[in-house]
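Below is one structure, written out as structure tokens; the observations come after it.
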Amino acid sequence: MNSSLLSPVWTHLTKINVVRGEGIYLFNETGDKYIDFTSGIGVTSTGHCHPEVVQAIQDQAGKLLFGQMNCVIPAVASELSWRLNEITPTHIDSFFFSNSGAEATEAAVKLAKAATGRANIIVFQGGFHGRTHLAMAMTTSRTIYRSGFQPLPAGIFVAPFPYSFYYGWDEATTVEFCIRQLDLLFQGQTAPSETAAIIIEPVLGEGGYVPAPPAFLHHLQRICNEHGIMLVMDEVQSGFGRTGKMFCFEYASVVPDIIVMAKGLGSGLPISAIASSRAIMEKWKPGSHGGTYGGGSAVPMAAAIATINVICKEGLVQNAMDRGVQLRTGLRELQKKFPLMGDVRGLGLMTAVELMRNGEPDPGLTEKLLNSCISKKLLLLSCGSFKNVIRWIPPLVISEEQINDALALFATALEETTV
Ligand SMILES: Cc1ncc(COP(=O)(O)O)c(C=O)c1O
């Protein structure tokens, strides 16, 4: 199909004309099969067209497509809230639905402002929270997302993220540095008493797939508790089993005030959510937030319930953990032979390889390597501020054999591109 009428604002990893998806595979018009290690940027958690998700969508489509939340209460939205309640910490018992990650980020900021009566938000260097105006102001992973659109909404303050490999320090030194810088920010830019929320991705996503050390998250928790600041976890990319836990913040056992969810929740249907306690949600004046579709569009709700059921029933959280270990072990083996693989890191199936040459990020090699993988029908994405990180983010249904297939293709691509 000719795509020339689509806006050129979209960048494309490939121009593959996809017509069908199944499990970890995508197919074009002529039946060529591609291994999808992008999951549509972390969306197709249960794989492409999981039969149970498809069935739930078909069933829901035959019953109710839409029940606008301000007019009625669609039963499927209530059902999803109860299902989410079962997989979130006990203090989380209130859910607001919207359509995209950016929308949910904005909702979290509005809720934090309403709950605290404060104006300012702290985010972290390299963070990505979306592309609407407020979310853009919170996004510092790459200037392409902001340049030409500034000035952006005020009241957003950026603290360093504990990215040890970038700084070249051990984890404890990096955490200590970031804690001191956060303290400096509180002294010089936004006082704790005017700070509504600290918002962090527990694994920096677009910024390079860097897990936040638990010690840093514990510090954020302490600061938030001490000063009445909302601790907000942006789990848009890391949630729903992706990192080997249902939610990534579970690794650090922190207690977020607000959780931001999207992507993997709907297996491909547009749905996002913020989750909090009833006491916090009640600080939001009724009517002060909402939207036409959030919660009312019934098919994504049904897809989300089916997605959570499949994740639980098929043990996909554990599979993400196990396959992630397998993947990083395989990549670390390759690293011994290809020292341009500067760092192999990640949690579960949110895994990264950072490519370096002579101590500097190597985006050129990264691009060559990705193109070589694409020519072998293995789809991988880059990330990182310097575009020198390859992210491995396959559907959570991936098998041991499929990981090995991908590793073998990657090894051949490395042989070809690094000589
Ligand atoms: C951590 C994180 N937050 C928010 C977003 C924005 O989500 P959306 O693209 O659905 O607006 C993304 C998208 O990549 C993300 O990774």
Handout entry: Extreme residue, nearest to the ligand (Cβ to nearest atom), among residues of the range 172-212 that are over 17 Å from the mean Cα position of the chain (by Cα) and in a loop (DSSP other than H, G, I, E, B)
Key = T190
Exercise for the section: Hey, could you check the range 215-268 for residues that are within 19 Å of the chain's Cα centre (by Cα) and of a type in the set (D, E, K, R) and say which is nearest to the ligand (Cβ to nearest atom)? Expected result: D234
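Is it the case, given these coordinates, that I229 is more than 30 Å from L355 (Cβ to Cβ), surrounded by 20 or more Cβ atoms within 10 Å (Cβ to Cβ) and touching a helix residue (DSSP H, G or I) at 6+ places or on another chain (Cβ under 6 Å)? Talk me through it step by step, then tell me what you get.
Working: more than 30 Å from L355 (Cβ to Cβ): yes; surrounded by 20 or more Cβ atoms within 10 Å (Cβ to Cβ): yes; touching a helix residue (DSSP H, G or I) at 6+ places or on another chain (Cβ under 6 Å): no.
Criteria not met by I229.
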Completion exercise
Filter the range 18-46 for residues that are within 16 Å of the ligand (Cβ to nearest atom) and not hydrophobic (A, V, I, L, M, F, W, C); the one that is farthest from K263 (Cα to Cα) is T38
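Filter the range 269-282 down to the residues that are of a type outside the set (A, V, I, L, M) and surrounded by fewer than 24 Cβ atoms within 10 Å (Cβ to Cβ), then identify the one that is nearest to the ligand (Cβ to nearest atom). If you could, list the steps in order and put the result at the bottom.
Residues of the range 269-282 that are of a type outside the set (A, V, I, L, M), as a first pass: 270, 272, 276-278, 282.
From what's left, surrounded by fewer than 24 Cβ atoms within 10 Å (Cβ to Cβ): 270, 277-278, 282.
Working: P270: 8, S277: 21, R278: 24, E282: 25 Å.
Only one residue tops the list, namely P270.
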Exercise for the section: Give the number of residues within the range 23-71 that are surrounded by fewer than 14 Cβ atoms within 10 Å (Cβ to Cβ) and over 14 Å from P300 (Cα atoms). Expected result: 8
Problem - Positions within the range 146-187 being hydroxyl-bearing (S, T, Y) and surrounded by fewer than 17 Cβ atoms within 10 Å (Cβ to Cβ), in sequence order - result: S147, Y167, T173
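May I ask you to say which residue of R332, R328, R345 is touching a residue at least 12 places away in the same chain (Cβ under 8 Å), among the basic types (K, R) and assigned to a strand (DSSP E or B)?
Details: R332 fails: assigned to a strand (DSSP E or B); R328 fails: assigned to a strand (DSSP E or B).
Exactly one of R332, R328, R345 is touching a residue at least 12 places away in the same chain (Cβ under 8 Å), among the basic types (K, R) and assigned to a strand (DSSP E or B), namely R345.
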Practice task
Among the residues of the range 103-129, count how many are within 10 Å of the ligand (Cβ to nearest atom), in contact with a Gly (Cβ under 8 Å, 6 or more places away or on another chain) and under 15 Å from I258 (Cβ atoms).
Solution key: 4
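Quick one: count up the residues across the range 137-196 that are charged (D, E, K, R) and in contact (Cβ under 8 Å) with a residue 12 or more places away in the chain.
Residues of the range 137-196 charged (D, E, K, R): 142, 146, 170-171, 176, 180, 183, 194.
Then keep just the ones that are in contact (Cβ under 8 Å) with a residue 12 or more places away in the chain; that gives 142, 171, 194.
Final tally of qualifying residues: 3.
Bear in mind these aren't lab numbers, they're just calculated from the coordinates by the rules spelled out. For clarity, every value in this text was computed on a predicted model and none was experimentally measured. All Cβ positions, even for glycine, are placed from backbone atoms using ideal geometry, and neighbour counts span all protein chains on display.
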